[in-house]
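**Student:** Sharing a structure with you now.
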Amino acid sequence: MTSTDLIRLTAAELADSLAAGDVSSVDATRAHLDRIDGVDGDIHAFLHVARDAALARAGEIDRIRASEDGSSLGPLAGVPLAIKDVLCTLDMPSTAGSRILEGWIPPYDATVVRKIRDAHLVPLGKTNMDEFAMGSSTEHSAYGPTRNPWDLDRIPGGSGGGSAAAVSAFEAPLALGSDTGGSIRQPAAVTGSVGMKPTYGGVSRYGAIALASSLDQVGPVSRTVLDSALLHDVIGGHDPRDSTSIPDTWPSMADAARAGQREGALKGMRVGVVKQLTGDGFQSGVTQRFTEALAVLESAGAEVVEISAPNFEYAIAAYYLILPAEASSNLAKFDSVRFGLRVNPPGGGTVEQVMSATRDAGFGPEVKRRIILGTYALSAGYYDAYYGSAQKVRTLIQRDFDNAFGRVDVLATPSAPTTAFRLGEKLDDPLAMYLNDLTTIPANLAGVPGIGLPIGLAPEDGLPVGIQFMAPARSDARLYTVGAALEQLLEESWGGSLLSRAPELATATVGGR
């Protein structure tokens, strides 16, 4: 099997080949590392590539597989994966895309990183992201933007554009991401990949560098629904080190995805279309592909009904008060004293002056903007008017979800209002940038799970379009069933996956910049 063949396999296919002895983990890992060497100078999906460590780990897994202990290996053993740089790794820098943490190597692994190591996956490196996960385009990274593999002049989404671009460009079959207001699902939409935001508390946040603690959630990024489900099974579950972790026993997400691939999986499924998250403000090609996807669901036996969620209209306003307030608190620890960057003013200075100089040099403009906004919203005399009111709106949004799920099994929306926009197009217009999270934010405010998957290319620009499904809290498995069913129906009509319709991804990005 050639390197090109190896990188084109899904994670599930690669895992099967590894288990059958058709390919070694070293060969699979080297193929992906060579791919990174070939194209990442153009895409800039990675901030750090751990080539030697990855090959050593792959060799160790191959030796275990060949030994008497080989039967104990998990279903994804030997499969390479990328890790968003918001997650702590004890053997790689963890910067959260910020200069203030440049070069910092944590003394511990995030729980999800420890779990993927225990499951014998192979970490390839750390992926680029908007600084401290603040952004929708990965242009706010202190280390430069990531580019969309479909068009190098366009954004790959954010904040997890690095993970989505790495998967879309065949640099990794799997990636870990984090989603605070759509940072897994929106990049998936614009890169033609699959992204899942689990139920809040369903995957540990221990070791994830916090942006907004009541909103952040770690989740999988992949090229197929089944691949995300397989990775979700590895990283999910209770963690006593995370006080928000749900002490539930979860069903197999992979089994749920496989159930969706069976005939009749959608029969009787009630799909609600949120009236407030369609129509005006959505690109015509996004609306067209979304409507076509709903028709596919109906043809497979699902019932599609319109749902009204009136308080969703206020989700962005509430989110951009709650998130900055929590970010202001979480980022206070970056003070030049405990860890990270330290900048000494000329001639020295007080602790306060050193702190001010450090934060000024270490934080980018978007981080500063949100810290100022959040600090103001929490200040005396304004707390009830802003942060307190936003939390009340959050409760109303949660009630809208409860009412909707009393009528339907899942909710469906476009994953993003538009396809990938051009680099720099919205960089100086924060409000326009914030609107990219229009459809994804409500799920984070309510803590419910959401999955995004590709549904075709917009006719006006030939770029990927995504659909999002949301389900009640703890019903993550339902999303994998619905997602896998629609994915299979669409791929049957296309004659292959969406990425298989873009063969230029294999060569066009090399030397493009």
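**Student:** Among the residues in the range 58-74, are any in contact (Cβ under 8 Å) with a residue 24 or more places away in the chain and on the phi > 0 side of the Ramachandran plot?
**Tutor:** No: zero hits.
**Student:** Suppose we keep only residues that are under 23 Å from Ala327 (Cβ atoms) and of a type in the set (Val, Ile, Thr) within the range 188-220. Which one would you say is surrounded by the fewest Cβ atoms within 10 Å (Cβ to Cβ)?
**Tutor:** That would be Thr199.
**Student:** Which of the residues belonging to the range 214-234 are in a loop (DSSP other than H, G, I, E, B) and either among the charged types (D, E, K, R) or closer than 24 Å to Ile43 by Cβ (or both)?
**Tutor:** If the condition is that a residue be in a loop (DSSP other than H, G, I, E, B) and either among the charged types (D, E, K, R) or closer than 24 Å to Ile43 by Cβ (or both), then Asp216, Arg223, Thr224 are the ones that fit.
**Student:** For the range 248-262, name all the residues that are modelled with pLDDT of 95 or more and assigned to a loop (DSSP other than H, G, I, E, B).
**Tutor:** Trp250, Pro251, Ser252, Gln261, Arg262
**Student:** Still on this structure, I have one more. Looking only at the range 277-322, how many residues end up being among the β-branched types (Val, Ile, Thr) and closer than 28 Å to Gly388 by Cα?
**Tutor:** 3
**Student:** Look at Gly279 and say whether it is surrounded by fewer than 18 Cβ atoms within 10 Å (Cβ to Cβ) and in contact with a Ser or Thr (Cβ under 8 Å, 6 or more places away or on another chain).
**Tutor:** Judged against the criteria, Gly279 is a match.
**Student:** Please name all residue pairs, on different chains or six or more residues apart, with Cβ atoms under 8 Å, provided the first residue is in the range 275-299 and is farther than 19 Å from Thr440 by Cα and the second residue is polar (S, T, N, Q) and modelled with pLDDT under 95.
**Tutor:** Val296/Ser493
**Student:** Would you point out which residue out of Ser243, Ser228 is at negative phi, of a type outside the set (Val, Ile, Thr) and surrounded by fewer than 24 Cβ atoms within 10 Å (Cβ to Cβ)?
**Tutor:** Sole residue among the options that is at negative phi, of a type outside the set (Val, Ile, Thr) and surrounded by fewer than 24 Cβ atoms within 10 Å (Cβ to Cβ): Ser243.
**Student:** Please specify each residue of the range 414-456 satisfying the condition of being crowded, with 23+ Cβ neighbours inside 10 Å and part of a strand (DSSP E or B).
**Tutor:** Pro414, Gly450, Ile451, Gly452, Leu453, Pro454, Ile455
**Student:** Here are some conditions: (1) of a type outside the set (S, T, N, Q); (2) within 30 Å of Ser141 (Cα to Cα); (3) without any contact (Cβ under 8 Å) to a residue 12 or more places away in the chain. Asp34 meets all but one. Which one does it not meet?
**Tutor:** (3)
**Student:** Inside the range 457-487, can you point out the residues that are surrounded by 22 or more Cβ atoms within 10 Å (Cβ to Cβ) and within 19 Å of Asn148 (Cα to Cα)?
**Tutor:** Leu463, Pro464, Val465, Gly466, Ile467
**Student:** Out of Asp69, Asp62, report the one residue that is more than 22 Å from Ala169 (Cβ to Cβ) and exposed (fewer than 15 other Cβ atoms within 10 Å of the Cβ).
**Tutor:** Among Asp69, Asp62, only Asp69 is more than 22 Å from Ala169 (Cβ to Cβ) and exposed (fewer than 15 other Cβ atoms within 10 Å of the Cβ).
**Student:** Now for a separate question. Sort through Arg258, Arg223, Arg270 and tell me the only one that's surrounded by fewer than 19 Cβ atoms within 10 Å (Cβ to Cβ) and within 26 Å of Asp16 (Cβ to Cβ).
**Tutor:** Arg258
**Student:** Taking only pairs six or more apart or across chains, which ones have beta-carbon atoms under 8 Å, a first residue in the range 138-162 that is in contact (Cβ under 8 Å) with a residue 60 or more places away in the chain, and a second residue that is in a helix (DSSP H, G or I) and of a type in the set (Lys, Arg)?
**Tutor:** Listed by first residue and then by second, the contacts come to Ala142/Arg99.
The values are calculated or read from the model by the stated rules, or taken from the named source; none is laboratory data. Fair warning: this is a prediction, and the values are worked out from it, not measured in the lab. A quick note on method: Cβ atoms are made from the backbone with ideal geometry, for glycine too, and the neighbour counts reach across all protein chains shown.
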